[in-house]
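Novice: Starting off with a structure, shown below.
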Amino acid sequence: MDDTFLTQITNGIIEEIEQGRNGSFVLVSYSDCSDCGSGTQVIRLNVSDSTAIMDEEGGRIPLSELQPGMVVNAAFSNATTRSIPPQSAAYVIQIVRRAHRDSVTVGRIVDVDRRGRSFATISDGNPSSMIRFNVADDAQILNGMGRPMHFANLVPGLRVRVRHADFMTMSLPPQTTAYEVRVIR
């Protein structure tokens, strides 16, 4: 494919997907240059039967497998409409990373591992409900007022709401990754 007739997006985020009688499209937000301070742009990629939609390994998949929040690379026609957002014919859409699916657990902290940056909770005083949360480096930790606080301030006895990955290990207690920890009053 001749590069003079196409534009490429690297690490765009799917905002919306629509499939209908009048055609299908994928709305993608992206930044041309993340280091130069340019803002986020949005483009509506019109999907046809000739659009190659691929998973992370390059295998072809149907449009129905794409979901909002996924990170994708895309190649599309340089011919775009002047509408807002602009529209263009999509040649290739490839998943780079799937969206994180989150779950929420509310419980009381019963153990904190400062070195391992993790803590365990139980819900409703039931020891069999124990979950160990490994706190991601970029996780938000918020106090009861919604203000940022340090991991060191998490102590046994605090009641917390934890937004975490929807997968858990098969260990006892099960473990998962925490993305946000909020102290509940």
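The values are calculated or read from the model by the stated rules, or taken from the named source; none is laboratory data. Quantities reported herein were computed from a predicted structural model and do not represent experimental measurements. Neighbour counts are summed over all protein chains in view; Cβ atoms, including those assigned to glycine, are modelled from backbone coordinates with ideal geometry. Heavy atoms of the whole protein, side chains included, go into the accessibility calculation; ligands, DNA and RNA do not. Shrake-Rupley method; radii C 1.70, N 1.55, O 1.52, S 1.80 Å.
Novice: Taking only pairs six or more apart or across chains, which ones have beta-carbon atoms under 8 Å, a first residue in the stretch 14-32 that is over 14 Å from Gln87 (Cα atoms) and open to solvent by 40 Å² or more (accessible area, probe 1.4 Å), and a second residue that is among the polar types (S, T, N, Q) and outside any strand (DSSP E or B)?
Specialist: Gln19/Ser64; Ser31/Ser38; Ser31/Thr40; Asp32/Ser38
Novice: Could you pull out every one of the strands (runs of 3 or more DSSP E) wholly within the stretch 11-69 that has 1 or more residues that are at pLDDT below 90?
Specialist: Values: elements: 23-30, 41-47, 52-54.
So the answer is 23-30, 41-47.
Novice: So, one more: Looking at the stretch 130-150, can you tell me whether even one residue there is in contact (Cβ under 8 Å) with a residue 60 or more places away in the chain and farther than 30 Å from Phe5 by Cα?
Specialist: no
Novice: Which condition breaks for Leu63 when tested against (1) surrounded by 14 or more Cβ atoms within 10 Å (Cβ to Cβ); (2) over 13 Å from Phe25 (Cα atoms)?
Specialist: Every listed condition holds for Leu63 apart from (2).
For every residue, the table says whether it meets (1) closer than 19 Å to Ile9 by Cα; (2) among the hydrophobic types (A, V, I, L, M, F, W, C); (3) modelled with pLDDT of 95 or more.
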| residue | (1), (2), (3) |
| --- | --- |
| Val71 | yes, yes, no |
| Ile84 | yes, yes, no |
| Arg97 | yes, no, no |
| Asp111 | no, no, yes |
| Gln140 | no, no, no |
